[in-house]
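Read through the structure below, which is laid out as structure tokens, and then see the notes.
The numbers here are math on the coordinates, done by the rules we state, and not lab data. Since the model is a prediction, treat every value here as computed from it, not as a measurement. Glycine also receives a Cβ, built like all others from the backbone with ideal geometry; neighbour counts cover every protein chain displayed.
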Amino acid sequence: MHIKRFTIKGFKNFQQHISLDNIGDICVIHGENNVGKSNVLEAMQLFFQLLLLQKTRQSVPITWRQKLSFSEIEEQGFYPSELFNLEVPLPIELNVTFTIQPEELKPANIQSPLPTSEVHLTLQLKNIHTDFEYRILKYQFADGTDVTHPEITAEQKIFAVQFAHFLAQSFLLKTKETSNRFALIRLDRRISQTEIEAVRSVIPQVLCLQLYDAKESPEPSHYKRWALFVSIMKKFNDVLGEGEFVVLFNRHTGRANLAFQTPVTRIPINLLGSGIQQIVALIARLLMSNASFVAIEEPELNLRYTLQLRLREIFKEIIEASVGPQQLFLTSHSPAYEFGQHFYALRKINDIPSVEQKPIKEAVLFTHHHADSPYLVGEHAPLCYVSTDGLVKLPERICKRLNLEQGGGVVLLERKDTGHVELLTDNQFDDLFEESVENEPA
């Protein structure tokens, strides 16, 4: 299952449509601070939570329009007052195009009367006085059948409910567990905002327990994720030395403990370096979510660039594994995570957020990554750019051409004949006046 296209309008600061088209396995969104990158991920989360509002009984047909109270919205993990645009509280519209293979329906025991290779869903949420109205505006399958139209059969309506829940959740037969298809890993590296720890730690107790449960689970998709976690973390043996991660459970205290086991000892996770702890927390959250789609806010947080590049390769391995998530959605200020042919550049034009696809070779320039970084040299270094503070970075050959190897004053000259702006040294600018004086008639 993949998300091919995602479009937002009306959510928080998005007054106009924000569309992510041609989404690949790893989707990277770049943009300045406060432009709304995290809002894109939160809008995705809202979409999947709204799908869960359909009745779960097999015999109940799908409901195209529902009234929701403030408390029902809050139960989905959202504060209603923070969902809508503050200036123009338009209805929120979320449109997603899924691509689904027929064999993906078999584990869920779903018999599809409609082709599901491509499915389009449009959801709307709007405020009406003290309540909210939730509507499914479009629910179209690959053959063009839109089950929101009145002429569809009762069988198709009931199937629409089953399929909506299939899109929103996965069901594990052996453990009778359901897992949300979508998980958002926030800056604090938590998925659930209800996690409460007596002592705050990078690897909280609830995450250690999830790792232990996965290791001991009879469900293949769970214990294989634990095995993938152990395998991936071995990539850091050049830093940690010989050994592997183990998770232990103390039945007297009821607590789980994650440790790195060497041939001679077990090192508790909290005694390892902070960078390794950050990596462990992120990878563990990603795998233990059991989600098909995982969104991560700023995976580069607190990691030096070399670790970011290693994390990029880990993301690739996880996506290619049969038991990991099928797509990742990243917001980032770093050019380390680019995949495929393009990234999504989110910026404000006339104070209104807009997005466009850009080739990945422009990521270094767009993110204003440090041009003097030892990891960004040669073809990867930006030749010339203007920072958000208005500082101009010139390539070395131009500095030599202008005799400005040690810096110096420059003048920006706007030409009336072409409208172009030229950059001159102080001496070149003075020469223009001398030439004009010499050319004046006596």
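So, R0 is 41 Å and r is the distance between the beta-carbons of Asn403 and Leu365; what FRET efficiency does that work out to, to 0.05? If you can, show how the numbers build up before the last one.
Details: r = 26 Å, r/R0 = 0.63.
After rounding to 0.05, the efficiency reads 0.95.
By average Cβ neighbour count within 10 Å, what is the ranking of 287-298, 346-357, 94-105 from highest down? Don't jump to the answer; show the numbers that get you there.
Working: 287-298: 22.6, 346-357: 14.2, 94-105: 16.1.
Per-residue Cβ counts within 10 Å, averaged per peptide and sorted highest first, yield 287-298, 94-105, 346-357.
Mind ordering 112-123, 64-75 by average Cβ neighbours within 10 Å, highest first? Could you put the intermediate results ahead of the total?
Numbers: 112-123: 17.2, 64-75: 13.5.
Put in order of decreasing packing, that is 112-123, 64-75.
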* Taking each pair of different alpha-carbon atoms in the range 82-211 once, compute 1/r for the pair, average those values, and report the inverse of that mean as the Kirkwood hydrodynamic radius in Å to one decimal. => 18.0
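Based solely on its DSSP helices, what 222 nm [θ] is calculated for the chain when runs of n ≥ 4 H residues each add -39,500 (n - 2.57) and the sum is averaged over all residues, nearest 500 deg cm²/dmol?
Details: 11 runs with 120 residues, N = 442.
Mean residue ellipticity at 222 nm (helix-derived): -8000 deg cm²/dmol.
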* Structure fact -> Listed by chain and number, the residues whose amide H is under 5 Å from that of Asp25, excluding neighbours fewer than 5 places away on the same chain and using placed H, are none
* To do: Search the structure for amide H atoms under 5 Å from the amide H of Phe11, placed 1.01 Å from N in the peptide plane, and list their residues when 5 or more places away or on another chain.
  => Glu93
* To do: Show the residues, 5+ positions off or on another chain, whose built amide H is closer than 5 Å to the amide H of Thr148.
  => Tyr139
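Quick one: which of 137-148, 204-215 comes out on top by average Cβ neighbours within 10 Å, and what's the full order, highest first? Provide the component values of the computation, followed by the final result.
Numbers: 137-148: 16.2, 204-215: 19.8.
Highest mean packing first, the order is 204-215, 137-148.
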* Report, in debye and to the nearest 20, how large the dipole of the chain comes out about its Cα centre when Lys and Arg carry +1 and Asp and Glu carry -1 on their Cβ. => 2340
* To do: Please report, in cubic angstrom per residue, the volume enclosed by the convex hull of the alpha-carbon atoms of the range 193-288.
  => 114
* Phi to ³J(HN,Hα) by Karplus 6.51 cos²θ - 1.76 cosθ + 1.60 over the range 105-114, Hz, x for Gly, Pro -> 7, 4, x, 8, 6, 9, 9, 8, x, 10
* Asked: Say each of Arg200 and His252 gets a label point 7 Å from the Cα, pointing the same way as Cα to Cβ; how far apart are those two points in nm?
  -> 3.1
* Asked: Can you pull out the GluC sites (Glu not before Pro) in the range 124-163 that DSSP calls coil and that have at most 14 other Cβ atoms within 10 Å?
  -> Glu151
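Enter the mean projected area of the convex hull around the alpha-carbon atoms of the chain, in nm², rounded to one decimal. Please list the in-between numbers first.
On the way: hull surface 120.6 nm².
The directionally averaged projection comes out at 30.2 nm².
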